[in-house]
Amino acid sequence: MASHVVASADELGPGERKVVQVEGREVGVFNVDGEYYAYSNWCAHQSGPVCEGSVTGTYEATFDRDTLEYELEWSEEGHILNCPWHGWEYDVRDGECLSREKVRLPSYPVTVTDGEIVVEL
Ligand code: FES
């Protein structure tokens with residue numbers, strides 16, 4: 001495993017992301033509420049460029065079996081990465097797929113050292 005400087009912390013503010021090439025791989029680096037995360041730019045569905053998708057929220061549904069009524073509530077704004085090809089959703093804070101329990105984006109350790117964002121791979 002080697003360390004790679006991918007950006008300065010100043011250039012990647014909260015809510016921003018950057019897709020970089022590291023050792024021939026595309027890696028998406030995200031700043032979410034001041035925490036940094038890095039993922040392979042590879043969607044588990046059909047290999048789409050997931051890290052280029054929008055970062056939004058998602059709808060959570062609740063269903064009442066007695067009344068057969070349901071409610072949709074928008075939540076997790078700024079925490080959900082949407083694959084641009086078919087819309088699979090991932091939590092950008094841990095890479096977990098919202099609709100597939102055992103699916104997770106491949107991730108890389110990220111640190112900030114002397115104002116530089118460093119990814120290990
Ligand atoms: S390739 Fe990402 S949702 Fe299909």
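Structural remarks
- Subset of the range 54-66 that is open to solvent by 100 Å² or more (accessible area, probe 1.4 Å) and either in contact (Cβ under 8 Å) with a residue 24 or more places away in the chain or out of contact with any strand residue (DSSP E or B) (no Cβ under 8 Å at 6 or more places or on another chain) (or both) - its residue that is farthest from the ligand (Cβ to nearest atom): ASP66
- Of the criteria (1) open to solvent by 30 Å² or more (accessible area, probe 1.4 Å); (2) part of a strand (DSSP E or B); (3) under 19 Å from GLU120 (Cα atoms), which one ARG93 fails: (2)
- Condition broken by ASN41, with the remaining ones in (1) out of contact with any Pro (no Cβ under 6 Å at 6 or more places or on another chain); (2) within 16 Å of the ligand (Cβ to nearest atom) satisfied: (1)
- Flag if ARG100 is in contact (Cβ under 8 Å) with a residue 24 or more places away in the chain, within 16 Å of the ligand (Cβ to nearest atom) and basic (Lys, Arg): yes
- Spans of strands (runs of 3 or more DSSP E) in the range 5-46 with at least 3 residues among the aliphatic types (A, V, I, L, M) and open to solvent by less than 70 Å² (accessible area, probe 1.4 Å): 17-22, 25-32
- Residue that is most open to solvent (accessible area, probe 1.4 Å) [pool: residues in the range 103-120 that are touching a residue at least 24 places away in the same chain (Cβ under 8 Å) and in a loop (DSSP other than H, G, I, E, B)]: PRO109
- Test: CYS51 is within 16 Å of the ligand (Cβ to nearest atom) and assigned to a helix (DSSP H, G or I): yes
- All positions within the range 67-88 that are open to solvent by less than 100 Å² (accessible area, probe 1.4 Å), more than 9 Å from the ligand (Cβ to nearest atom) and assigned to a strand (DSSP E or B): SER75, GLU76, GLY78, HIS79, ILE80, LEU81
The values are calculated or read from the model by the stated rules, or taken from the named source; none is laboratory data. These numbers come from a predicted model, not from an experiment. Glycine also receives a Cβ, built like all others from the backbone with ideal geometry; neighbour counts cover every protein chain displayed. Ligands, DNA and RNA are stripped out before the accessible areas are found, and what is left, the full protein with its side chains, is counted by its heavy atoms. Shrake-Rupley method; radii C 1.70, N 1.55, O 1.52, S 1.80 Å.
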